[in-house]
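> Right, I'll just put the structure down here and ask away after.
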Amino acid sequence: MGRPPWVGRGATVPGRDEGLSGPGLLGDALADTVRRTGASSGALYLLDDATRTLCLAVICGIPEDVTSPWRRIPLAAPAPVTDAVRDGRLVWMGSQDAMARAYPRAAATLPYRLTLAAAPLTGRSRRWGALLLLWPASHPDTASDRERANITSAARRITRALEEAPQPPLVPEHPFHIPVTGSRPRRERPNQAAADYAERLPEGAVALDLEGRITFLSTTAAELLGLDAGQLLGTRPWQSLPWLEDPVIEDHYRSSVVSREPVAFSALRPPDRPLRFQLFPDVSGISVRITPETGPGRPGDDPPAAAAGRTAQAGRLYQLVHLAAGLTETVAVRDVVELLADQVLPAFGADGLVLSTADAGRLRITGHHGYPQEIVDRLDGLALDTALTPAGQVLATGAPLFFADRAEMARGYPKAPKISDKAAWAFLPLVVSGRPVGCCVLSYARPHVFAADERAVLTSLAGLVAQALDRARLYDAAHDLAHGLQQALLPRSLPRLPGLEIAARYLPASHGMDIGGDFYDIIRLDATTAAAVIGDVQGHHVAAAALMGQVRTAIHATAGAPPAQVLHRTNRVLADLESDLLVSCLYAHLDLSRHQVTIASAGHPPPLLHHPGCAAEVVSLDPAPLLGIDLGSPYPVTRLTLEPGSTLALYTDGLVEAPGTDIDRTTADLVRHLAAHGGEGLDLLVDGLIRRVWPTGRYTDDIAMLLLRTDAAA
């Protein structure tokens, strides 16, 4: 994939070194922002509207492998950049302790001393993504007003560049890397005097770039490390020197890069030569000082690294921690599939996923990624003892199988390589308490050798996936049952009235399996009059649902009376039922012949009203208590004119009570949306109003909404 012009000059992609022509956009803006704010590194995330995911597009001053757990972040996930985009505000984390308190998953994946800021890229008509900036541990914990203003101004500049681009940027497969240039004058190559100076030093001198590759080393350093300079230049130390291939050592390097603090540690060069390493980072790379260690380590030093054989990388360990934390937060089967596709596949370099569950002696595919539908249809419903693929054997034995290429697969399963164009596979059994629940298949477009540490991590990950999948299936079954009961208590259909258009929605909470008490109804009274009702019973349980049904019946029995009397009589019924639950309710009497609506409310959120050609508004209602509080409570009425083409929006509080937002501000945002889109069809309008507050569709409470529009031709 080539570099698009929006990336910027000097961008690099891991494994590629061709240049980039054309004007810079995001990359140059990011590098300039890092320099202006004094940050050590930065990143730009672009919002993929189709998947509601923040995708890492450009990084500056930080290695790509450090960012691998955070390349794709669902907008609903708890993270600084997602909160910045969702809430439209600057998120500041002044320390690692603050990060651990607010975002424990992020802190577990990035366990270094640093300061972090995330700012939204909010344009005139859409949210583009987020700007992420990191400072070294020496940065103050709090941000000054000027610093916050500089970050916000930088985000606005980047947003303006995005909106003025001739074409919107596409999310790249891998993030582009922009160097931090201009931090101080540098020569393109070290001059001979500097090289001679390093050669005269009694200790070894090594220079690393921010990706960890060796760009320079002195003769003494090569002697201490035990290899020629030609064998070391361009490599990462833990790759070219097996005795440095240790997660602790790689973590020291990561800590130095991210926190920009000097780091010191000791390592044992086989067979018995201890060496001391001191790392001194800046924006261009890391200077390493290597000295022989003749005595015991200094107080506070890390213990010497183990010898070769510990091949797991720190990055992969942090990925496993991150993925494990993510799996504990999944609720439905869909959540598990999305997390595997968005985070597990990139973390292990795979590009295909098939997740299947054992059901009635067959493997039913519950999720997939990277496969055409016709292949999925062919694999769906295979018998558990199938010989077509290794899935049956994996489930029967409980042991994973790994195939590095098509030839290896064909030796045991001749037909399997012909099913798709994949070239390597990992078949992971999903077992819970000795009971097989399914199989997870990761596939690769090219041959892939599974190292021992990778097999161990994938096997451990399969156990976590099995637990999450089993829990999610139970949740889905219970949620479907609860949702079915809820739908049975709501009206199956709404009556049709001449001159009135109606749209209704009921959306259960995304988390939790209990039955809610939200309800709505339209009651036809005669040819030109009707009653619109919406309400919410306190609680989420069977008692709330049962009371909701009784309240609906009471309102039906008294509908047609003046609105205040309807609520008063319903309140008496509620008292006779001796329920401890409270009910909010709004009753609207519609007179279509006179173009009038009379409303009475019992502690319910006020409706929204939009007249054609006018600004929308929140209807002002006199306050009244909830049903179930006081039998003698009066219920004041409000009369409004419904001009032809007017839209009245009734809703429950689940629509406007979004975590971390102000209800008044959310309601005002809905009013603006209603005014801007009031001419749309009601089905489009009701869905747009809900998405305005809940773009990810993960509702924290039940939502009921009822839209009424009078005929514009009346």
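> Counting only heavy atoms of protein chains, what accessible area per residue, in Å², does the chain have with a probe of 1.4 Å?
44 Å²
> Please tell me the relative contact order of region 202-288 in percent, rounded to the nearest whole number, where contacts are Cα pairs under 8 Å and at least six residues apart.
27 percent
> Which value results when the Cα radius of gyration for region 486-637 is divided by 2.2 N^0.38 Å?
1.04
> A follow-up question, please. Scan around D282 for amide H atoms under 5 Å from its own, H built in the peptide plane at 1.01 Å from N, and keep only partners 5 or more places away or cross-chain.
S287
> By how many degrees, between 0 and 90 and to the nearest 10, does the Cα long axis of helix 145-164 differ from the longest principal axis of the chain?
80 degrees
> Taking the Cα-to-Cβ direction at D664 and at D476 and moving 7 Å from each Cα, how far apart do the two end points lie in nm?
4.4 nm
> By how many degrees, 0 to 90 and rounded to 10, does the Cα axis of helix 314-329 deviate from the longest principal axis of the chain?
Approximately 10 degrees, to the nearest ten.
> Measure off, as a whole percent, the carbon and sulfur share of the 1.4 Å-probe accessible area of region 654-712, all protein chains present.
49 percent
> Taking one equal scatterer on every alpha-carbon of region 573-714, how large is log10 of I(q)/I(0) by Debye at q = 0.10, 0.15, 0.20 1/Å?
Each listed q maps to, in turn, -0.37, -0.81, -1.25.
> Among the trypsin sites (Lys or Arg not before Pro) in region 384-424, which ones are in a DSSP loop with at most 14 other Cβ atoms within 10 Å of the Cβ? Mind listing them?
Answer in residue order: K415.
> Sort T328, T37 by heavy-atom solvent-accessible area, probe 1.4 angstrom, most to least.
Of T328, T37, the descending order of accessible area is T328, T37.
> Also, I was wondering about something else. Return one number: the angle in degrees, 0 to 90 and rounded to the nearest 10, between the long axis of the Cα atoms of helix 247-259 and the longest principal axis of the Cα atoms of the chain.
70 degrees
> Here is a further query. Given a Förster distance of 30 Å, report the FRET efficiency between T459 and A100 from their Cβ-Cβ distance, rounded to the nearest 0.05.
Efficiency at R0 = 30 Å is approximately 0.55.
> Any idea what the relative contact order of region 342-462 is, in percent, if you count C-alpha pairs under 8 Å spaced at least 6 apart?
Answer for region 342-462 is 26 percent.
> I've got another one for you. Relative contact order for the chain using alpha-carbon pairs under 8 Å, separation at least 6, rounded to a whole percent?
Dividing the mean separation by the residue count of the chain yields 8 percent.
The values are calculated or read from the model by the stated rules, or taken from the named source; none is laboratory data. Computed from a predicted structure; not experimentally measured. Heads up, the Cβs are rebuilt from the backbone with ideal geometry, glycines too, and the neighbour counts pull from every protein chain shown. Only protein heavy atoms, including side chains, enter the accessible area calculation; ligands, DNA and RNA are left aside. Shrake-Rupley method; radii C 1.70, N 1.55, O 1.52, S 1.80 Å.
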